[in-house]
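This report concerns only the one structure given below.
Values quoted throughout were computed directly from the atomic coordinates according to the rules given, and no laboratory measurement underlies them. Treat the numbers as computed from the prediction; the structure is a model and nothing was measured. Glycine also receives a Cβ, built like all others from the backbone with ideal geometry; neighbour counts cover every protein chain displayed.
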Amino acid sequence: MEIKECVDDAQRKYFLLANQILTAWFRSCMILSNSRLYIDLTVEESFAMGVTETVFTTKDYLGLARSLGGLIESHAAEGDKIGTMAPAVVDAFRAVNLWDIFLPKEAGGQGADLLTFLEVVEEISRADASTGWAYFANMLSATFFASGMGESGVKDVFGGTGPSRTVTAASLNQPGNVRQVEGGYMVSVDATHFASGAGHADWLAAGGICEFADGSKDAVQYLVRRDKVEFLGNWEVFGLSGTGSYSFKVPEQFIPEAYTWKAAAWQPLRGQRDLHTGLNYMAVTGHTAVSLGTAKRALQELVKAIDASKPRPGGVPAHRDSEVFQYQFAEMDAKYRSVRAYAVECVRDAMSTVYAGKELTEEQRQRGNQVNTFGVHMAEEVARFAFVWSGSAGLRGGAPLGRNLRDALVENVHAIVDPYTLTLAGPVLMNAYRAVPIDVVPKSAGVFDHKKK
């Protein structure tokens, strides 16, 4: 199917009708053949023709993410400039239901598995790290809320059954005030920070420590509508500039019980088995995916620059003919592919465990932390290598390699990849090499794991 333009509204309506007919036909074929089907019309071509409802009905989520790559890349500089995801990209994600692929089916999502989550976030991050970072934060927060909130809250926020295009963002470092009252909580927050994806979110989450009538304490988190918070801005940063990780204030207000959850007691009440890996494991999977996408883009852009290189004065060969460069490029490619293979291995192992109805072992949790932290270090090394060898290609304003390096550096300062994560993982991972494992008491389960040990 290759249609380059629609001249008038009549043609556009005809095209939409044709899409509907083809969609029905594709669905019937899928039922009969139980196979994936693909169409040649890209999302960008659909948008160029004014079509905002496409016929992407298969579960080829990775192919869908790839089809958006050009659109994401073309708006990356705009995202950096305005400090949040470009509106055209937000709208494109809504139009093809990309926001809800990991959301539980009971909340109107598509219930994709954790490996799909990794691959889709990697691909979007390859197109632009800021977009991938915000997308993963939005998608993960929505999944967390939709799986753990009360039924009426889920229906209001996510619309119950059917495609959900609701976007959420969160800042869950519990700096606020929470007081239990009849039917819910009175809450307020003077300032909570780093709410990645907040710039285009419909709902935002915050939290605070609540002291209950029996004297016990717990972190209570909640969702609040966008128009009920005050944005404080302050996202003018060196890298990952387009993530919209704004600070915001929550004026004192009442939050019904159905829009809240207790952090220490959180368990998925609905959704796919993958959610039982826990918030921290899903979070490190998303962070790992961003790093993988960042590294892959660095290598792609470097090859473009190297292919255009020329011999230099004094008989110095072009970079592409340099044996030093060729050796180092092979090393960097191996590092990227090694981390990716290990990440996929970890995710598949975790999925096998929770699908068998078991909880992740401490070794599995720490391997998730390990591959995440090591992956971020790898991405920085690859991005730095690509920038240096690209010559002047990365120096210009808006050059992908320059932005790529800045993003990779900023990925390294997140708390979830603090070097201490490897210190915590080491004693646990050593058991894999002992004939008789010894007991190791974990000092921490993870940045986003609030469960008491």
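Determine the alpha carbon to alpha carbon distance for each of K217/K249; K105/K155; K310/K335; K228/K249 and list only those over 19 Å. From K217/K249; K105/K155; K310/K335; K228/K249, over 19 Å: K217/K249; K310/K335. Note on E345 and V181: the model spin-label points, each 7 Å out from Cα along the C-beta direction, lie 5.4 nm apart. Label sites at E359 and D307, each approximated as a point 7 angstrom past Cα along Cα to Cβ, lie 5.1 nm apart.
Remind me, what semi-axes does the stretch 283-426 give for its equivalent ellipsoid, largest first in whole Å, using sqrt of 5 times each Cα gyration tensor eigenvalue? Equivalent-ellipsoid dimensions as semi-axes: 35, 15, 12 Å.
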